[in-house]
1. Being in contact (Cβ under 8 Å) with a residue 60 or more places away in the chain and at negative phi: is that true of Arg106 here?
2. What pairs can you find where one residue is in segment 71-92 and more than 15 Å from Val116 (Cβ to Cβ), the other is loosely packed, with under 10 Cβ neighbours inside 10 Å, and their Cβ atoms are less than 6 Å apart, with a gap of 6+ or different chains?
3. Is it the case that segment 122-135 has a residue that's in contact with a strand residue (DSSP E or B) (Cβ under 9 Å, 6 or more places away or on another chain) and more than 27 Å from Lys50 (Cβ to Cβ)?
4. If I go through segment 7-44 residue by residue, how many of them are surrounded by fewer than 12 Cβ atoms within 10 Å (Cβ to Cβ) and more than 20 Å from Arg100 (Cα to Cα)?
5. Taking Arg104, is it touching a helix residue (DSSP H, G or I) at 6+ places or on another chain (Cβ under 9 Å), closer than 29 Å to Arg139 by Cα and of a type in the set (D, E, K, R)?
6. Check His91 against each of (1) in contact with a helix residue (DSSP H, G or I) (Cβ under 7 Å, 6 or more places away or on another chain); (2) modelled with pLDDT of 95 or more and name the one condition it does not meet.
7. Filter segment 83-139 down to residues that are part of a loop (DSSP other than H, G, I, E, B), among the acidic types (Asp, Glu) and closer than 21 Å to Arg36 by Cα, then give me how many there are.
8. Here are the criteria: (1) surrounded by fewer than 16 Cβ atoms within 10 Å (Cβ to Cβ); (2) in contact (Cβ under 8 Å) with a residue 24 or more places away in the chain. Tell me which single one Asp47 does not satisfy.
Amino acid sequence: MSENDSDELRLERARKAFALVPYAKFLGLELGSISRGEASLHLEVRDNLKQNQGLVHGGAVASLIDTAAAFAVVTQLEPDERVTTTDLTIHYLRPITAGRLTARARIIRSGRRLFVLSVDVANGDRLSATAVTTYIKLR
């Protein structure tokens, strides 16, 4: 099997896995693009994602970030490999009240056990949050 075939199998496995994540469905996350080491997800702002001051809850944004990062990592895993988040640092840059959020995650360092990713969240063309996160392969 060529490396291209292997990559395409991983991407297809990631697409299928995304469709099976109950929490992603619950939040209303949509899979955008996916490629080796990268993934983008979308989230339409709804009232039930807001806190009592009318802003999107930081936890909803964190979930969008974490899920985008997870699927960027999935594109580099073997079928029997599993990962989990070990660190997530988010900088919320501006409040969000409406719109469609897009999280773009990309692996910036891939080691034997650890993956470090950068994730940007935009609301239209405005950067709303940025994050760095680390995942570890489980044994």
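1. Values: in contact (Cβ under 8 Å) with a residue 60 or more places away in the chain: yes; at negative phi: yes.
So Arg106 passes the test.
2. From segment 71-92, the pairs are Arg82/Leu138.
3. As a first pass, look at segment 122-135 and keep what is in contact with a strand residue (DSSP E or B) (Cβ under 9 Å, 6 or more places away or on another chain): 122-124, 127-135.
Cutting the leftovers down to more than 27 Å from Lys50 (Cβ to Cβ) gives us 134-135.
Looking for residues that are in contact with a strand residue (DSSP E or B) (Cβ under 9 Å, 6 or more places away or on another chain) and more than 27 Å from Lys50 (Cβ to Cβ), one finds at least one in segment 122-135, hence yes.
4. Residues meeting the conditions: 4.
5. Details: touching a helix residue (DSSP H, G or I) at 6+ places or on another chain (Cβ under 9 Å): yes; closer than 29 Å to Arg139 by Cα: yes; of a type in the set (D, E, K, R): yes.
So Arg104 passes the test.
6. Answer for His91: the failing condition is (1).
7. Taking segment 83-139 and keeping what is part of a loop (DSSP other than H, G, I, E, B), we get 93-99, 111-113, 124-125, 138-139.
Checking the rest, the ones that are also among the acidic types (Asp, Glu) come to 125.
Checking the rest, the ones that are also closer than 21 Å to Arg36 by Cα come to none.
Residues that pass the stated criteria total 0.
8. Just one mismatch for Asp47, condition (2).
The values are calculated or read from the model by the stated rules, or taken from the named source; none is laboratory data. The model shown is predicted, which means the values in this text are computed figures rather than measured ones. With ideal geometry, Cβ positions are generated from the backbone for all residues, glycine too; neighbour counts draw on all protein chains shown.
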